[in-house]
1. Looking at A:193, A:138, A:176, which one has the Cα that reaches farthest to the positive end of the dipole of segment A:104-196 (charges on Cβ: Lys, Arg +1; Asp, Glu -1)?
2. For peptide A:145-155, how many partner chain Cβ atoms fall within 10 Å of a residue's Cβ, on average?
3. Quick one: work out the % antiparallel among DSSP beta bridges in the protein assembly as shown, nearest 5.
4. Quick one: Cα centre-to-centre distance for segment A:80-114 and segment B:199-217, in angstrom?
5. If you find the alpha carbon centre of segment A:29-76 and of segment B:29-103, how far apart are they in angstrom?
6. Averaging sequence separations of C-alpha pairs under 8 Å and six or more residues apart, then dividing by the length of chain A, give the relative contact order as a whole percent.
7. Once amide H atoms are built 1.01 Å from N in the peptide plane, which residues 5 or more positions from residue A:95, or in another chain, come under 5 Å H to H?
8. Where the eigenvalues come from the Cα gyration tensor of segment A:162-257, what are the semi-axes √(5λ) of the equivalent ellipsoid, largest first, in whole Å?
Amino acid sequence: MSALLAASLATLVFCAPGYPGAAGDAQPLVDQFAGAAAATSGWPAGSLAAVYDPTEEGGLAKLKGTDAVLAFVPYPFFVEHGAQLHLAPLVQADVTDVGPQQRWTLVAKAGRVTNPKSMAGYTLLSAAGYAPDFVRHSALQGWDMPSDVKIETTGQILSALRRAAAGEPVAVLIDQTQAAALPSLPFAAQLNTVIQSAELPVALIVVVDSRVPAARAKALQTGLLKMNAATGGVDSLGPLRLHGFVLPKLPPRTAAP
Amino acid sequence: MGCLLLAVAACATRLSSPPASSPPAQSAEPSSVAELAAAIDADAKRSDHESDAKIRESLATDAGRNADACLAREPQAAACLYGRGIALGLMARAHPTHAGEFLNSMLDALAKAETVDATYQEAGPGRVRSLVLIRAPGWPLGPGDTDAGLVAARRAVVLSPLYPPNLLALAEALAKSGDAAGAKLNYSRARDAALALSAGGDREDWLRQAEQGLQHR
């Protein structure tokens with residue numbers, strides 16, 4: 001009975017800071033995903049619920065609930081909070097048109113940022129700005145920015161790029177999708193790519209604080225890995241711009257949170 | 001995880017109701033430009049409060065048909081171009097996998113309507129353009145552009161400064177741009193403008209939106 005009760009309370013929290021989407025709009029999509037994930041993993045129907053939160057604070061609050069046993073998080077969120085929340089990677093998302101890994105790119109006004117020291121007094125803007133540890137030590141590993149560089153989060157990347165192009169002391173850290181679209185901007189010639197990261201995971205599904213028994217976690221991992229070939233799986237992945245999942249492939253420093 | 005573009009398309013097209021009175025549902029087939037425009041408005045209002053996806057799709061189809069009929073009669077009428085924009089917004093909600101294309105076409109139609117008559121429906125083309133630009137997913141996933149949305153909202157307020165939805169749109173644009181003080185000021189102005197109107201119509205909804213905005217400042 002207790003096992004059944006525990007199963008019925010399992011919740012997958014989608015934390016999506018920096019990405020568009022309101023909880024109400026996203027809920028039907030994550031509901032559909034949770035149902036399909038449970039089905040392909042042999043979990044009882046209705047045993048996995050899902051909830052979406054577009055903010056870092058909201059996501060962290062939801063992860064404190066004991067029913068929050070799993071989380072779908074962007075890699076920057078994992079770097080920032082993985083150790084503290086005891087997040088253990090289960091699978092890595094294979095994102096449509098991106099893949100399971102991506103490079104981050106630092107962009108600034110052409111000719112202004114030539115080395116880390118030249119960023120003194122700058123503000124670094126990024127959708128991942130809520131995760132300064134990720135920015136400094138993962139995306140910009142080896143690029144030792146001065147301590148006075150402010151790292152701020154923004155959902156207005158286009159505005160940030162305009163500010164940089166206009167000559168404000170602003171640098172912008174953009175993801176792979178944004179970097180691919182950069183040349184299409186009318187002011188692209190006024191911007192320079194300063195540095196690019198190594199390939200880093202895009203997003204992960206993680207077990208929160210060992211709240212899923214090992215056998216059930218293994219079953220879920222197996223189910224998620226074959227989800228893009230399962231009946232109903234593709235239909236639930238597409239709306240979330242997911243192609244499927246692969247085994248986690250993390251850089252060394254975050255391999256064991 | 002650049003996801004949920006589809007879901008967000010819905011909120012980008014959930015727009016403040018225009019002031020025109022709506023004809024009764026299923027009335028005689030609209031034929032004049034005014035009747036067709038009113039029918040599109042009615043579809044938009046019903047869609048805003050409709051949870052059934054199939055009914056929303058039907059409303060979008062009806063609005064699109066009426067917009068086509070309107071444009072066939074008067075291709076350069078602001079009412080028809082604006083109606084076309086609204087109909088495309090409903091299509092974006094109904095067909096989320098093509099939301100990006102519909103939203104871009106919607107912005108084009110609204111820009112044409114604004115060129116013909118920027119004052120139509122209390123600066124409706126500029127106001128609706130601003131809301132789409134503010135709420136749609138931003139570059140490069142969608143046409144969202146807060147800077148452009150703020151410019152469009154300011155234009156609408158200049159043209160019709162006491163119309164509450166224009167002030168609400170400007171407040172929302174300022175909030176999204178990080179200008180909390182400016183947002184608060186315009187939510188207050190929207191509330192005052194709504195309070196100055198006689199009861200009924202959309203007044204209560206505008207007051208609720210203004211109060212909600214002020215609570216979040």
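Just so you know, all these numbers are worked out from the coordinates, no wet-lab data involved. Keep in mind it's a predicted model, so treat the numbers as computed, not measured. Cβ sites come from the backbone with ideal geometry, for glycine too, and all protein chains shown count toward neighbours.
1. A:193
2. 1
3. 55 percent
4. 40 Å
5. 36 Å
6. It comes to 30 percent, rounded to a whole number.
7. Those qualifying (amide H under 5 Å, at least 5 residues apart or on another chain) are A:243.
8. In descending order, the three semi-axes are 37, 19, 10 Å.
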